[in-house]
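A short worksheet on the structure shown next.
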Amino acid sequence: QKIKFSKIISTSSVLLFLLIFSSCTQNLKDSFNLLEGNLFWHQKKYQQAEMKFLQTLNASEVSQNKITEQYAIYGLGSSYVMQNEEVAALSRLESISTDAPEELRFATFYNIGVLSYSLGNYEKSIQSFKDALLINPKSIDAKINLDVIFFYFSF
């Protein structure tokens, strides 16, 4: 059985929150760029999504908008995965802050688990799925993926 890669998390509610509570024009623009990148990603226009996420990342670093920055990093990682750039994706995902929102940290650990598995780093994959389950112990997909690794590879 193949390990599933989680779809990019639904950022609509987070983006709505960011749009409603943005205190400046730059935060609003960053939120729209993030939303546009997410839309491109769901349309399978991964290079366009990558560009929007890069724009958002650069702008959010300047404006010091840490939440938008973390979602942009995740979006970049997800875009790289879909373009078969697993090493670049893993590098981006590993740079997500431990202060990132909980749902983003879960998705990050989950996807690091999938990427580590596909790159042959089974121990890291196991640890990443365990970390994901610490955040969301009800995740059936994370449990299944962890069980698959244990079934095929005993350490």
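One table, with the values for the structure above:
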item	result
Segments classed as helices (runs of 4 or more DSSP H), wholly inside region 75-146, with at least 2 members that are open to solvent by 10 Å² or more (accessible area, probe 1.4 Å) and closer than 23 Å to residue 32 by Cα	102-118
Any hit, region 35-48, residues being modelled with pLDDT under 85, over 19 Å from residue 86 (Cα atoms) and either in contact with a Cys (Cβ under 7 Å, 6 or more places away or on another chain) or crowded, with 17+ Cβ neighbours inside 10 Å (or both)	no
Qualifying residues in region 62-74 (those that are over 9 Å from the mean Cα position of the chain (by Cα), part of a helix (DSSP H, G or I) and polar (S, T, N, Q)) - the one surrounded by the most Cβ atoms within 10 Å (Cβ to Cβ)	68
Long-range neighbours under 8 Å by Cβ, at least six apart or interchain, first residue within 13 Å of residue 29 (Cα to Cα) and basic (Lys, Arg) within region 40-62, second open to solvent by 40 Å² or more (accessible area, probe 1.4 Å) and assigned to a helix (DSSP H, G or I)	52/36
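The values are calculated or read from the model by the stated rules, or taken from the named source; none is laboratory data. A quick note: this is a predicted structure, and the numbers were derived from the prediction, not measured. Using ideal geometry, Cβ is built from the backbone for each residue, glycine included, and neighbour counts are taken over all protein chains shown. SASA here: full protein model, heavy atoms, side chains in, ligands and nucleic acids out. Shrake-Rupley method; radii C 1.70, N 1.55, O 1.52, S 1.80 Å.
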